[in-house]
Structure formats: structure tokens, C-alpha cells
């Protein structure tokens with residue numbers, strides 16, 4: 001039996017305005033959504049061209065949810081996005097050419113070639129770089145929230161994890177600590193129904209991951225992750241609740257991972273009908289249709305935005321390809337931090 | 001100068017930093033109302049409040065992970081593991097997240113993890129270990145192992161000040177047994193600088209933590225033989241003071257490396273190998289290692305005594321070296 005609240009879809013423009021977004025904002029959200037998908041589509045081409053070492057991961061199907069949550073965050077809020085959450089980096093303002101540089105292991109990627117794919121973040125944008133061990137970033141997000149609580153700052157941390165990662169102890173420990181201390185943190189579960197090849201019913205035995213929230217002493221919400229605006233509205237509510245001292249929320253955003261775990265995986269184990277059904281609810285197409293029907297997005301506006309995004313991507317690719325590979329003299333740099341490294345917006 | 005026990009010196013160091021720097025807080029199991037399992041933080045919650053002296057759930061992963069997040073947000077967290085052995089539960093947070101964050105993502109993680117370690121009182125396999133070698137092997141982590149009250153305070157302050165994740169191994173067998181004068185004011189002891197605990201000419205003992213005192217007792221017995229033993233207290237095993245070790249090796253030409261951790265792959269192996277590589281021509285005897293055998297730490301007193309290197313073992317080792 002489900003315990004978590006199941007969120008309603010978002011209807012009218014008026015409802016969205018009440019949730020904090022005006023028409024201009026919505027067009028900006030559409031741009032970010034196009035950019036998010038565009039970065040990963042171009043990344044895929046780079047991979048096929050043999051320009052990306054190692055493997056390549058995308059968040060196809062999760063673009064709306066990642067953009068939706070990030071749009072709900074305040075400028076001083078922080079987060080620990082994962083490999084399906086490119087939209088968070090985009091909304092927070094990372095320059096796309098640096099993502100392509102990161103993909104290709106170039107010196108100008110956020111990790112300067114020390115780490116690959118989406119294992120990156122710009123801490124100046126309030127993001128902390130993920131590790132492969134999911135959900136190890138949840139306790140870190142809780143620690144950010146702890147710092148805010150100790151200093152009595154009205155800031156919120158957002159921690160992402162997947163339904164597969166929900167099986168690990170870090171997830172339980174992070175939620176336990178956040179719950180007992182009522183910390184200003186929002187947990188976002190990207191439930192894309194497949195942990196590599198393992199389906200959800202072999203990862204957790206409750207109906208929803210969000211049902212667990214009740215056991216940690218806070219609210220759980222299940223939302224359709226292909227409905228960007230519904231995700232935005234629920235994230236915004238949860239973030240503002242946390243900011244006001246109301247403690248954590250667990251939001252489970254349900255999507256389908258529309259590609260394999262990574263580029264090498266053809267996802268043969270996912271039933272074809274499942275892909276067909278979820279393809280009807282593509283988050284980008286769904287939001288575009290909503291904008292045309294509810295916010296009167298015109299052909300000209302749509303063309304202008306897609307033209308701008310195309311140009312950003314073309315310029316970004318060109319600039320990234322000009323970025324050099326890291327010099328091997330940097331191999332040993334930065335294993336240990338120096339006191340000067342602490343001169344950041346956060347460490348002061 | 002007041003005389004403090006090793007344990008009081010740790011408290012004094014932590015209190016000094018918490019009074020000086022509002023960013024410093026302590027989180028751990030039972031550190032608040034109870035004052036910590038060994039009473040290092042006794043009275044801290046009354047002075048600093050429950051948001052700076054935080055009783056955590058029994059969740060080492062959350063404790064260390066939360067320290068990492070708070071550190072990235074500008075705090076200077078100190079975590080207490082109730083026993084060093086329990087750090088195994090937080091391995092991933094230390095080794096996967098904290099240790100690599102600076103190198104790969106450019107984000108420093110200035111956290112200190114306090115680890116009550118070491119055996120000698122039938123703590124058994126899970127309350128007696130000295131896991132410093134495991135962490136010294138992880139690039140990005142620092143490992144501190146004070147032996148004296150003065151160092152316990154000064155090294156703790158340095159650990160908190162350091163912009164990296166620092167593991168601070170405080171030896172439980174020294175807590176109340178070792179007492180010495182400790183300056184009242186704030187001071188730091190640099191990480192990576194060894195201390196000559198005792199000067200000597202005939203043979204060197206390279207050691208750290210509680211084994212400094214085992215070596216000291218053994219050295220006194222060697223005095224009766226007419227052999228003078230130098231004891232070098234490494235103080236920190238990562239970074240470690242290679243120059244001081246090589247200097248002592250060159251001076252006496254005979255070296256015993258001594259540690260309470262188990263032998264194979266213990267940090268003593270790294271020291272012995274380095275001496276072999278860089279001071280071979282200066283040696284008059286093979287480098288000798290004395291360490292615990294490669295077993296878990298046993299519980300029953302005779303077994304534990306046989307496990308932890310004893311004064312007699314060190315005396316025998318030193319005599320062998322002197323006679324070589």
C-alpha cells in the first residue's frame with residue numbers, strides 16, 4: 001500500500017504562475033531543457049566519433065525532472081546531482097563547452113581531465129561533484145544542510161539518488177540523520193525503473209521509494225518525472241518548506257531510462273512496449289506541447305530558442321575541441337589541498 | 001605549564017580550536033550529553049551547545065559524509081569515531097569521496113576524524129585495531145599518530161587547520177597513562193615532522209604512537225648493555241618525515257622499525273623499503289621490523305600480550321642488531 005502522496009499534474013498557466021514562474025521564465029526553462037538534451041545528443045555523436053574515452057552516460061527521459069528541480073532551487077542553495085541530472089548543471093549555469101571538454105578528457109573540463117563523464121561540478125555554482133558509488137553523495141548533501149542549520153542560514157541542500165541506489169546504507173543513514181535533526185535538505189529519487197539491468201521490484205519491496213520517507217519522519221511524494229512543471233512545483237514546495245525550518249522531503253520522480261545504462265548497453269532486457277509507452281510521454285515534447293497550448297508559445301519564439309541553443313552547442317563543441325588534452329605534468333597536482341585552495345566562495 | 005594527561009591534552013586542543021573558530025564543531029556517537037565514550041568532550045555541550053557538539057545516530061557513513069558536506073560549505077568539522085575500528089563503516093565516505101575530491105574536482109575537504117585506536121586491555125578484534133597503514137595508502141588522506149600530550153594538542157590543532165581530510169589516531173592506552181606538561185596557549189605541531197624522542201648512536205628505532213614508550217623502556221635496558229638507542233617518533237605516518245628517518249639511519253647505521261599494527265603491508269614495510277633504497281650504503285645490518293603478527297587482535301590477555309609487541313621483544317630485536 002502506498003504511503004507517499006501522489007502529486008497531481010500541472011494544468012494551467014495560472015497555476016504555474018502561482019508556483020513562481022511567469023511566461024518569460026517558462027521560455028527560459030524550455031531553453032534549458034533543449035540545451036540539456038542537446039548536450040547529451042551531441043555528446044553521443046562525439047562518442048561515436050571516438051572522441052570520448054571510456055564510456056558515455058545520458059539522462060534521456062530525465063531531462064524534465066532535472067531541469068524542474070534545479071529551476072526550483074534558490075541561488076544560494078546547493079546540490080549533488082548525478083549522472084542522469086545534466087539539467088541541473090545547465091540550469092545552474094555551467095558553460096556547455098566545459099561539459100564537452102569534460103567528456104573528451106580535455107584540460108578545460110571542470111575536472112581538468114582527472115575524472116570523466118558527468119563526474120563533475122562547478123562548486124562556484126553551488127554544485128558538488130558526484131562519485132560513482134551511488135548514493136554516497138546523500139550524506140554529503142545532508143552535511144551541507146547541517147552547515148546551514150548550524151549557521152542558521154536560510155539555505156537548502158538537494159541530494160539526488162536513483163531507485164537502485166536506494167538499496168544502499170548511505171541512503172538510509174543520510175535520511176536518518178536528516179530526519180532526526182530536521183535538516184534543510186530535499187532528497188530527489190530519480191526512479192527510472194532500471195538499475196542497469198535490475199528492475200525496481202528487485203531493488204525495493206515497497207510500492208514507492210518515497211513510501212520510506214514516513215519511516216524517517218518526513219513527507220514522501222511521488223511525481224511523474226516526465227511532467228517538468230509538476231516536478232518543479234513539488235520541488236519548490238519541498239525546498240521552501242525546508243528553508244522555513246520544516247525539515248526534509250523525499251521526492252520520487254518516476255521516469256523511464258530511455259537508453260541503456262551507458263552507451264555500450266542496448267537495454268535488451270527492457271520490454272519494447274515499455275519504451276513505446278514512455279516515449280509517448282517524452283518530457284521535452286510534453287513541455288513543448290504544454291507551452292504551445294497554455295502559454296501560447298509561437299512558432300517564431302520556438303524557432304528563436306532552438307536557434308539559440310543550436311548556436312550555443314555548435315560554438316561549445318568548437319571551443320571544446322580546441323581545448324588541449326591535459327599535460328602529463330599535471331598528473332600529481334592537487335592530491336593534497338593547500339591553504340590557498342580554501343579561498344573559495346564556500347570555504348570562507 | 002600545567003600537567004595534562006594525553007586525553008586532557010586532546011580535549012584541550014579541541015576546546016582551544018572550538019573557542020577560537022566558530023566553524024569548528026564535533027559530531028559523533030555519544031559525544032554530547034555523555035561527553036564521548038572516553039570523555040574527551042566532557043562538558044563541551046554545556047559550553048558550545050548541541051549544534052556544535054552533535055550527538056549523531058549510530059551511522060558512521062552519515063557522520064563522515066556530513067562532515068564532508070559541511071566542510072565544503074565552509075565549516076571545520078571534527079568527527080569522533082567511538083573506536084577507530086568503526087571507521088570501516090565510513091570507508092567509502094573517506095576513501096571514495098573525501099580523499100579524491102580535491103584531486104578530481106578541485107574541492108578541498110578540511111575534515112578531521114578522531115580515531116581512538118590501539119590495544120592493551122582486552123578490547124578484542126573490534127576495539128583494538130591500529131588501521132593507520134590502510135589509510136596512509138590512500139592518496140589524499142593524512143594520518144596523524146601522536147605519542148605525547150604536547151603533540152596530542154599541537155597535532156590536533158594542525159589537523160583541524162589543515163585543508164585536507166586528516167585521520168587523527170589517538171592511542172587509548174596512552175589516554176590516562178601518559179602525563180606531561182602542555183603549554184596553555186594555542187600552538188601547532190607541523191604534520192610530517194618527526195621528533196627525536198631519545199638521542200642515541202648505536203641503533204635507531206623508528207616508531208610512533210604507544211610503541212614510543214615500549215621502545216623507551218627497551219632502550220633503557222640497552223643502556224645497561226652499553227648500547228645507546230635513538231628513538232625517532234614519526235608523529236605522522238602520512239606525510240612521513242623521510243629525511244629524519246634517513247638521517248637517523250645514516251647516523252646509527254642500524255635500524256629497527258616498530259609498530260603495533262600488523263606486519264605485512266604495515267607502514268613499517270614502506271619505511272624499511274625506503275631505507276633500503278636510499279641508505280643501503282650506510283647500513284651495517286639489515287633493517288629489522290617488529291610488529292604485530294598477521295592476525296586479528298585477540299581478546300584473551302595472554303593472546304593479546306603475545307600479539308602486541310612487548311618490551312622484551314624490542315630488547316631482543318635491539319640486541320640482535322647491536323650484535324650484528
Given an 8 Å cut-off on Cα distances and at least 6 residues of separation, report the relative contact order of the range A:5-323 as a percent. 23
Output the 0 to 90 degree angle, nearest 10, between the alpha-carbon long axis of helix B:311-323 and the longest principal axis computed from the alpha carbons of chain B. 40
Using only the Cα atoms of the range B:177-246, what do you get for the radius of gyration and for Dmax, in Å? 13.4, 42
Could you calculate the FRET efficiency of residue A:25 with residue B:34 from 1/(1 + (r/R0)^6), where r is the beta carbon distance between them and R0 is 56 Å, rounded to 0.05? 0.65
Which angle between 0 and 90 degrees, to the nearest 10, do you get for helix B:6-20 versus the longest principal axis of chain B when only C-alpha atoms count? 40
Here the whole-number average of other chain Cβ atoms within 10 Å per Cβ of B:93-100 is 4
Do you know the relative contact order of the range B:3-181, to the nearest whole percent, from alpha carbon pairs under 8 angstrom that are 6+ apart? 28
What translational diffusion coefficient, to the nearest whole µm²/s, does chain B have by Stokes-Einstein, given a Kirkwood radius computed over alpha-carbon pairs, a temperature of 20 °C and 1.002 mPa s viscosity? 108
If you take the square roots of the eigenvalues of the alpha-carbon gyration tensor of chain A and sort them as a ≥ b ≥ c, do you get rounded (a/c under 1.5), prolate (a/b over b/c) or oblate? rounded
Most packed first (mean Cβ within 10 Å per residue), the peptides A:208-217, B:271-280, A:56-65 order as A:56-65, A:208-217, B:271-280
Per residue of A:169-180, how many C-beta atoms from partner chains lie within 10 Å of its own C-beta, taken as a mean? 5
Counting only other chains, what is the mean number of Cβ atoms within 10 angstrom of the Cβ of each residue in peptide A:126-132? 4
Antiparallel DSSP beta bridges within the protein assembly as shown, as percent of all bridges there, nearest 5: 15
The range A:1-132, Kirkwood Rh and Cα Rg, ratio Rg/Rh at 1.02
Considering only DSSP beta bridges where both residues belong to the range A:5-323, give the percentage that are antiparallel (nearest 5). 10
Counting all Cα-Cα pairs in the range B:1-139, those more than 25 Å apart amount in percent to 27
The range A:154-237: Rg/Rh from Cα coordinates, Kirkwood Rh? 0.95
Both in Å, the radius of gyration and Dmax of the C-alpha trace of the range B:166-320 are 15.5, 45
For residue B:19 paired with residue B:306, estimate the spin-label separation in nm (one decimal), with each label point 7 Å from Cα along the Cα-to-Cβ line. 5.0
The range B:233-324 - convex hull of the alpha-carbon atoms, volume per residue in Å³: 101
Using a 10 Å cut-off on Cβ atoms, rank the peptides B:133-139, B:4-10 from the highest mean neighbour count down. B:4-10, B:133-139
Please work out, to two decimal places, the log10 of the ratio I(q)/I(0) at q = 0.05, 0.09, 0.11 Å⁻¹ from a Debye calculation in which every Cα of the protein assembly as shown carries one identical scatterer. -0.28, -0.80, -1.06
Would you mind computing, in nm to one decimal, how far apart the modelled labels at residue A:267 and residue A:310 are, each placed 7 Å from Cα along Cα→Cβ? 2.7
In terms of the alpha carbon gyration tensor, root eigenvalues a ≥ b ≥ c, rounded if a/c is under 1.5 and otherwise prolate when a/b exceeds b/c or oblate, the range A:192-348 is rounded
Where does chain B land at 222 nm, in deg cm²/dmol rounded to the nearest 500, when only DSSP H runs of n ≥ 4 count, each adding -39500 (n - 2.57), divided by all residues? -10500 deg cm²/dmol
Could you tell me how many degrees, from 0 to 90 and to the nearest 10, lie between the Cα long axis of helix B:149-161 and the main elongation axis, the longest principal axis, of the Cα atoms of chain B? 50
Using a 10 Å cut-off on Cβ atoms, rank the peptides A:129-140, B:63-74 from the highest mean neighbour count down. B:63-74, A:129-140
Taking the Kirkwood radius as the inverse of the mean 1/r across Cα pairs, report the Rg/Rh of the range A:65-193. 0.97
Mean separation of Cα contacts under 8 Å (6+ apart) over length of the range B:195-323, as relative contact order %: 29
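Only the coordinates and a few stated rules stand behind these numbers; no lab work does. Quick caveat, the model's predicted, so the values are computed rather than measured. Quick reminder, even Gly has a Cβ in these numbers, built from the backbone with ideal geometry, and neighbours come from all protein chains shown.
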